[in-house]
Amino acid sequence: MATESTNVGRRFSSVRSWVFDRREGSVLVGLIAIFLVGVYIEPSRFLLLDNLARILRAAATTAIIGYGVALLMVTAEFDLSVGSMYGVAAGMGAILIGGDAFGFHPLFVVAVVLVFSVIFGITQGLVVTKLGLPSLIVTIGTLTLLRGIHRILLGGTTASASDVGILKWLGGPIIIADLPFMTGPIFYQVPFVHNEVKTFGQFSILIVWIFVLLVVFHYILHHTRFGLHARATGDNIDSVETTGIDPEIVKLGCFGLCSLTAAFAGLAFLGRFGSVSSGSGDGLALVVIAAVVLGGTKLTGGEGSMIGVLFGSLVLATANNVLALAGLNVSGWQGVITGGFIIAAIGLDVILKGFSYDLLRSWYAEPLREILGSPRGFFANRAEQKTTDDMFGFLMLSVGATALATNVVAWVLGNASVSNAIGMDIGGFKLFLRGGWPETAAEIYLFFMLLALVAYAAIEVSAQFFDSPGDYEDTLLSVCYGMAPAPLFAIPAVMLGYGIFFLVEDAMLSALAVSVPILLLIGWTMYAGVSETHELSRRRSVGVVAAVFVAWLVVAGIVALGFSTA
């Protein structure tokens, strides 16, 4: 029995290691989490086969272009012009097929556009490799160049293809009733979700191309000599030349394939809609790079994953779909989500390799326990052992814990059964901006960063006035760990957000009244830090902390004045 338990433990440990050691596994976990959010928000709509096919179709363009971009990034090069190539390819196809002066056969047009894209990509590669210019800068230039060509071709309007012909096989719909062995649409009903039978009649052929090209590019990267040379080039370009590999030839091939996938996606777009506008492809490159890096391709080269590209694309597409279900399907929120994923993608290498439960414990749990036990003892005995990473880690985790606690408490109180049970009649949650969890987290972050910055400046100035021997790191230590009581602010934040008041009929004053003892706790913790790290007497330490409160009051007065005149 003990042996079986040991084997189960080993298997669980190996699975956990796979998830956290491989980027594909961690991104898959994120994708499942977003999927579950969609199921929670609106299961009857989210679990429709039409909606799931819509997510795959939305991810298709990003994934198809991402396969080429990932292959190029493996060699430690970038191509920011793929969005413009996407638009130019669609524009060229529309003009060559439907223009008054041309009217070529769609098959010939596909060949012309794809050949043009490969030549253009190789040309970019020649500029980068032969002139020794950074690909990031070169492709910013070609991005603008292609965008200009696209607008010249279309004349600033919309171009339409009279008959897309074979292009339907790139981006058109597949009717399920027309498939072999199928006599009509698919009928289905998800138990406990749908009250009636649903039908699924068609899906985009782009969904098929996602998986076809996934197999092709996965094979190229991991099972061909070219893929091996690409990974070796990105891993160490200086030593690869001694092995007989020509890194310039490898990069030229990757530039060509990268442009090819962008042109293919552009033609698929034309095959789907039959027309193209001058704005097609704008901003697409950043979304693609976000999906690629999120999926495991290193920015520094040498390592990539085509499966990860697909997962990263699905994460972005599913997130936008969930936003639409939540009623936030405006361009602004889509930009926020995409921008957030870009930042997350860039930092994910560091997070996944450096973050662990042990680090969470050493950054936050252990210091918090020691501070709660004896603030003076913590600053006296452990202060010198803390690095700036430890300090900022504790501060960020304190802010994160506060935001999490605020959203959880607001969600619990916002439940109708809970509010009725405690006899409270509350409306929608709102601090100062809208009341969703992203706005709440952002406002809490800004509030605490302002609180910490003002406290840091006040301690630095006042400590210098008292001729303190401490330096800026001592001040940073006192401020970051002084914010240990911050999660208690979840209580006044929820009171303010729901308009809960006592004594006086003003939620703001009531929240401020509850905040006073929390601020005093923060002041007491900072006092312990100042007195120990700056080696000041009790009276002078009190003076430094008093300066912090005065600075906070000044800032609060300025904010109150701004709101009073708004």
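Given points 7 Å out from each Cα along the Cα-Cβ axis, report the Thr183 to Asp471 separation in nanometres with one decimal.
Those two pseudo-labels are separated by 8.3 nm.
For the range 71-76, just list the computed ³J(HN,Hα) in residue order, Karplus coefficients 6.51, -1.76 and 1.60, θ = phi - 60°, integers in Hz, with x standing in for Gly and Pro.
Going residue by residue, I get 4, 5, 5, 4, 8, 6 Hz, with x marking Gly and Pro.
Counting only residues 5 or more places away or on other chains, whose amide H sits under 5 Å from the amide H of Ile174 once H atoms are built in the peptide plane?
Phe203, Ser204, Ile205
Mind ranking 54-63, 144-153 by how tightly packed they are, going by the mean number of other C-beta atoms within 10 angstrom, highest first?
Numbers: 54-63: 23.7, 144-153: 17.1.
Top of the packing list down: 54-63, 144-153.
Can you list the HN-Hα couplings for the range 474-486, worked out from phi with the Karplus curve (6.51, -1.76, 1.60; θ = phi - 60°), rounded to whole Hz and with x for Gly and Pro?
Along the range 474-486, the couplings run 5, 5, 4, 4, 5, 6, 4, 7, x, 7, 4, x, 3 Hz.
Cut-off 19 Å, label point 7 angstrom out along Cα-to-Cβ of Thr144: give me the residues of the range 62-87 whose amide nitrogen falls inside.
Flagged as within label range: 78-87.
Taking only C-alpha pairs under 8 Å that are 6+ residues apart, what is the relative contact order of the range 425-549 in percent?
Working: 139 pairs, mean separation 39.1, N = 125.
Once normalised by length, the contact order is 31 percent.
Using the Karplus equation 6.51 cos²θ - 1.76 cosθ + 1.60 (θ = phi - 60°), what ³J(HN,Hα) coupling, rounded to whole Hz, does each residue of the range 390-406 give in order, writing x for Gly and Pro?
Using θ = phi - 60°, the values come out as 4, 5, 5, x, 5, 5, 5, 6, 5, 5, x, 5, 5, 4, 5, 4, 4 Hz.
Subtract the Cα-Cα distance of Phe226 and Val29 from 0.36 nm times their separation in residues, and report this length gain in nm to one decimal. Display every interim value, and only then the final one.
Details: separation 197, 0.36 × 197 = 70.92 nm, distance 3.11 nm.
Fully extending the segment from Phe226 to Val29 adds 67.8 nm.
I need to check one value: relative contact order of the range 356-565, counting alpha carbon pairs closer than 8 Å and at least 6 residues apart, in percent.
Details: 234 pairs, mean separation 53.5, N = 210.
That works out to 25 percent.
For a test of the definition: using alpha carbon positions, the gyration tensor, and the 1.5 limit on a/c, classify the range 23-352 as rounded, prolate or oblate. Can you show the working numbers first?
On the way: a/c = 1.77, a/b = 1.22, b/c = 1.44.
Because a/c hits 1.5 or more and a/b fails to exceed b/c, the range 23-352 counts as oblate.
How would you rank Ile491, Ile210, going from fewest to most other Cβ atoms within 10 Å of each one's own Cβ? Let's see the in-between values first.
Numbers: Ile491 17, Ile210 23.
With the fewest neighbours first, Ile491, Ile210 line up as Ile491, Ile210.
Which length gain, in nm to one decimal place, applies between Ile558 and Leu49 when the Cα-Cα distance is subtracted from 0.36 nm times their residue separation? Intermediate results must be reported in sequence, preceding the final value.
Numbers: separation 509, 0.36 × 509 = 183.24 nm, distance 5.34 nm.
Going from the current span to full extension adds 177.9 nm.
Decide, for the range 356-565, between rounded, prolate and oblate: order the square roots of the alpha carbon gyration tensor eigenvalues as a ≥ b ≥ c, take rounded if a/c falls under 1.5, and otherwise choose prolate if a/b is larger than b/c, else oblate.
Details: a/c = 2.30, a/b = 1.57, b/c = 1.47.
Prolate.
Which of the peptides 403-412, 85-94, 534-543, 451-460 is most tightly packed, and how do the rest follow, going by the mean number of other Cβ atoms within 10 Å of each residue?
85-94, 451-460, 403-412, 534-543
At a temperature of 25 °C and a viscosity of 0.890 mPa s, determine how fast the range 460-566 diffuses translationally according to Stokes-Einstein, using the Kirkwood radius over alpha-carbon pairs as Rh; express D in µm²/s, rounded to the nearest whole number. Please list the in-between numbers first.
Working: Rh = 15.2 Å.
Roughly 161 µm²/s, to the nearest whole number.
What is the calculated FRET efficiency for Val112 to Val550, with r their C-beta to C-beta distance and R₀ = 60 Å, to the nearest 0.05?
The formula returns an efficiency of 0.25 here.
Once the other residues with Cβ under 14 Å from the Cβ of Ile137 are scored (Lys, Arg +1; Asp, Glu -1), what is the net sum? Don't jump to the answer; show the numbers that get you there.
Numbers: positive: none; negative: Glu77, Asp79.
With Lys, Arg at +1 and Asp, Glu at -1, the neighbours total -2.
In 5 Å bins starting at 0, how do the alpha-carbon pair distances of the range 195-290 split up by percent?
2, 10, 14, 17, 16, 12, 10, 8, 4, 2, 2, 1, 1, 0
Placing +1 on the Cβ of each Lys and Arg and -1 on the Cβ of each Asp and Glu in the range 23-352, which of Leu48, Ser204, Thr123 has its Cα farthest towards the positive end of the resulting dipole?
Final value for the positive-end residue is Leu48.
Could you put His223, His218 in order, starting from the residue whose Cβ has the fewest other Cβ atoms within 10 Å? Walk me through the intermediate numbers first.
Details: His223 9, His218 18.
By the 10 Å Cβ count, ascending, the order reads His223, His218.
A short reminder: the numbers here are calculations on the coordinates, not readings from a lab. Quantities reported herein were computed from a predicted structural model and do not represent experimental measurements. All Cβ positions, even for glycine, are placed from backbone atoms using ideal geometry, and neighbour counts span all protein chains on display.
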